[in-house]
1. Quick check on the stretch B:119-128. Is at least one of its residues more than 24 Å from residue A:457 (Cα to Cα), more than 14 Å from chain A (Cβ to nearest Cβ), open to solvent by 10 Å² or more (accessible area, probe 1.4 Å) and touching a helix residue (DSSP H, G or I) at 6+ places or on another chain (Cβ under 6 Å)?
2. If I ask for residues that are among the aromatic types (Phe, Trp, Tyr), at the interface with chain A (Cβ under 7 Å from one of its Cβ atoms) and assigned to a helix (DSSP H, G or I), which ones from the stretch C:66-90 would you list?
3. If we scan the stretch A:103-111, do we find a residue that is under 30 Å from residue A:381 (Cβ atoms) and among the acidic types (Asp, Glu)?
4. Which one of A:448, A:492 is closer than 18 Å to residue A:152 by Cβ, in a helix (DSSP H, G or I) and of a type in the set (D, E, K, R)?
5. Right, residue C:129: in contact with an Asp or Glu (Cβ under 9 Å, 6 or more places away or on another chain) and either closer than 24 Å to residue A:219 by Cβ or open to solvent by less than 40 Å² (accessible area, probe 1.4 Å) (or both) or not?
6. Residues that are under 30 Å from residue B:297 (Cα atoms) and in the same structural domain as residue B:247 (by TED's automatic domain parsing), at least 1 per element: which helices (runs of 4 or more DSSP H) completely within the stretch B:87-184 meet that?
7. Given A:176, A:107, A:120, which one is in contact (Cβ under 8 Å) with a residue 12 or more places away in the chain and within 26 Å of residue A:344 (Cβ to Cβ)?
8. Cβ-Cβ below 6 Å, separation at least six or inter-chain, first residue in the stretch A:404-422 and facing chain C (nearest Cβ under 10 Å) and among the small types (Gly, Ala, Ser), second assigned to a helix (DSSP H, G or I) and open to solvent by less than 10 Å² (accessible area, probe 1.4 Å): which pairs?
Amino acid sequence: MEDIGNLMHGFAVALTWKNTVFMFVGILLGVLIGVLPGLGGANGIAILLPLTFSMPPTSAIIMLSCIYWGALFGGAITSVLFNIPGEPWSVATTFDGYPMAQKGRAGEALTAAFTSSFVGAFFAIVLITFLAPLVAKFALQFGPPEYFAIQFLTFASFVGMGREPPVKTIASMMIGFALAAVGIDTVTGTLRMTYGLPTLLQGFDFLIAVIGLFGLGEIFLTMEEGLSFKGKSGRIDPKVVLKTWAELPRYWATSLRSCVIGCWMGITPGGATPASFMSYGMARRFAKRKEKFGEGEIEGVVAPETAAHAAGTSALLPMLTLGIPGSPTAAVLLGGLLIWGLQPGPLLFVEKKDFVWGLIASMYLGNIVGLLVVLTTVPWWASILRIPFAIIAPIIVVICAIGAYTVHNNMFDVVMMVVFGVVGYVFKKLKYPLAPFVLALVLGDMAETAFRQSMLVSGGNVGVFWSNWLVGSIVTLGIVILLWPMMVALRERARGRPAGTGA
Amino acid sequence: MKSSLRRTFVAAGLTVAVAASFPALAAWEPTKPVEFIVPAGTGGGADQMARFIQGVVAKNNLMKQPLIVVNKSGGAGAEGFLEVKNAKGDPNKIIITLSNLFTTPLATGVPFNWKDLTPVAMLALDEFVLWVNAESPYKTPADYMAAIKAADNGKYKMAGTGSKQEDQIITVAIDKATGKKLTYVPFKGGGDVAVQLVGKHVDSSVNNPIEAVAHWRAGALRPLCVFDTQPMAYTAKVTATQAWGDIPTCKSQGLDVEYLMLRGIFMPSGVTQDQVDFYVDLFKKVRATPEWKKFTEDGAFKNTFMTGKEFADWAAAAEKHHKQLMQEAGFIAK
Amino acid sequence: MAEKNDASPGAVIQTRWMEVAVGLLIALLGLLAVVDSHRVGAAWAEDGPQSGYFPNIIGWILIACGLWVAFQQARRWRQDGAKVFVTLQDFKPVLAMVLPTIGYVILIGLIGIYVSSIIFIAGFMLFQGKYRWLPTLLISVSVPVALFVLFEIWFLVPLPKGPVEHLLGY
């Protein structure tokens, strides 16, 4: 096959000594960027971009894309250790990763997260290698109705009856939607709910809410329970990696499903963050022990991480073939391509074969290198939990503050972070679930925009959501998934048995 | 690994120090890193240009202090403009503008105006081109206009970036020229708009050249005309048969609409002339680099450079023009 | 967590009060959404929903949910009298975190993030951790300095700075 030949040629390009060094540097920087909520992949790439002018474009893009991989890996670390997602796509990882760390299984959670990330990315790269042109054509099928359908499906697959009171689940979700609507309305360009305050122009960023609700909220809760992390692990076993690996193959089904979800969301492009939520929701739905989700199930780490990484990787495909970046980081990479005189688009694969296949080869290599780097650091990361709370707590607050500030370079966001911290504390104690809040904040704006664009296109006709097989099947699937728990419950009741326990 | 990285940084630092030891001509120089504010999101046209300039400045050691690109896109760019407006007298802040300098205060009522800023330099003007899908039957603007006129209001869909901004202003102008209403569908970025058109989810777009060039070259999009008084100045072939310069003006094709977008640099008010001169000089140097030449050619920018009073006069005229256009379109916030 | 029943009366915040307060706040938030939605138009126009259409619906649902929570709690006012949101004893350490954090954020606005961080970390270590001066100084200074190098020098991310940083030329 011609592709294989090209790929081998790509490996030859990528595997020079110099490029391998750049790969390591990129991964390390990327992990650092991923760990600190204040630095996004976009920062790292944008700032290193000028430095990379002295290199040939292929080396430069290898190093820059390795920063991207590193950031994807690194985002999970603070989610697991401190309940603070380093990157938006690792929010869902906190749901089970953090409880695992609390129970002294931080090493396992990190290993599972890193390994799953690798599996997801690998799956996506194979897809890119062999199906790139086909996939690019598929991405073109997506207009506004299809986008909305995807958002709806994400939403449907995540929402289910939790243990919390339904009215509080709905309230929490609606608060998320309400906050998502603050700021400028993309469709008409009018300001909504800003009440004349210039600070509200930019709206509520999801990352600030998450840092406050999860990160600070958790610190407040920990304070209440005394000055120590619950069940802090005393010793870190370097063999934890192998032990976890022995356990992981059991979750092959979850893994595979998450890979598919991730790639689908990366290409369409729903993005890595919704992908992680959708994957987590699906994993919970199909799991045998659903009621354990949220209490430290390793499957609850595997699912979102696999999907996020698969999505993050496959999002590069529409960027390269169509010039539409699937994430802000990809957008900056795109800027880099332009500066080197590389025009992303359908012709890139034809005109710049060396570059494209070098990049694809570096994806394989970068992820392998990345996995090795992060796995060797697992015991080291896990040992951070041994630092006394009186030292680590203020440092976490400082890092949260930096993270909140850098989202918009705005002090108001830091203030909001503290408000969200208090809200997180109160909500947790009053049993308002936080996950629907966050999901609504992520999806609210995108979903509303897509819906209204669809209405503009169709002249206000809701039938547009069943106007072709693609959008029709996604929407129908979403409705089925949304109603499934209710149907099951009804059937069970009809048989005279009590409805499923708590799930 | 970290040490090798640090070495790179030290090396970079040294080069800057060496470059700086030569006597400087300008009386004033930035004493700390300069924030380069982009009142738009990452990946858009303004962002690409800002990051490109950041790269050129760093690569050619044009400035002692680094240039840091900061995106402040909230409220259709109002966030970035307000920041500069409130940074009176701060010479370490510059902002790159697009048309939202004029449209955002009019459309949202957020209180700022270009007069709250100090004009530094116009770098270039960005062109707008009317695009249709290459598989559509329209070969000339006249074909497309005839189809719009023959159909019902709102049948033809125009995709564009943002709402009540340049793309929609042009769309309204086309409405006026044809007497029929186009359905305007706003998207977040120019790249998205081009892909929506390639995927045939809309009928046309008014993308900037740089946003659509890849799809044009791939044979997926077709340019009909450019919204300018004369054809673009670039004669090198972009596709097998056509150059940017081969695209006729819309006016010559019977669609009397003109629009150009400012890509310019502003500073906060209350800065000294020395400080303005430093940046004027800096951007002159940027524009003299071969990288800039290639960048403007790829993006088919209109290379007009203006500073001082000339630029201020241009901005005043542009503001008036936008006010009139927005008034006619009914986009002014009450 | 919320159902501890062993506290002496008077020294607790009762869950029922919190429930009602949060419920009413949620309703208020909903009201804000509804009011503004009507300003921008909350109808379904011929080309689809207007700016305020969805926020309006969301607002009404919020009002309904908030009032429902408050109402439910009011109905069970007597039964829930013993439920404790937090005892004063447990709440003190929470305040010991919340109040300094608020102070820290105010300080950031005044003197920049780096110096505030030194004060904040040092204060917490001294008063909460009962550390000696030396380790306190070591950690509280080294962390912000490391962050400074990382953000301002390496990644060129400008964070809020105050007079001390200006003196150093930043």
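1. yes
2. In the first step, residues of the stretch C:66-90 are kept if they are among the aromatic types (Phe, Trp, Tyr); the result is C:68, C:71, C:77, C:85.
Then drop every residue that is not at the interface with chain A (Cβ under 7 Å from one of its Cβ atoms), which leaves C:68, C:85.
Listed by number, the list holds a single entry, C:68.
3. So far as the stretch A:103-111 goes, yes, one or more of its residues are under 30 Å from residue A:381 (Cβ atoms) and among the acidic types (Asp, Glu).
4. A:448
5. no
6. Qualifying helices (runs of 4 or more DSSP H): B:141-150, B:166-178.
7. Step by step, each of A:176, A:107, A:120 is checked, and only A:120 is in contact (Cβ under 8 Å) with a residue 12 or more places away in the chain and within 26 Å of residue A:344 (Cβ to Cβ).
8. From the stretch A:404-422, the pairs are A:404/A:208; A:404/A:211; A:404/A:413; A:404/A:414; A:404/A:417; A:421/A:212; A:421/A:216; A:421/A:217.
The values are calculated or read from the model by the stated rules, or taken from the named source; none is laboratory data. This structure is a prediction, so every number in the text was calculated from the model and none was measured. Please note: Cβ atoms are built from the backbone with ideal geometry, for glycine as well, and neighbour counts cover all protein chains shown. Keep in mind that these areas ignore ligands, DNA and RNA; they rest on the heavy atoms of the full protein, side chains included. Shrake-Rupley method; radii C 1.70, N 1.55, O 1.52, S 1.80 Å.
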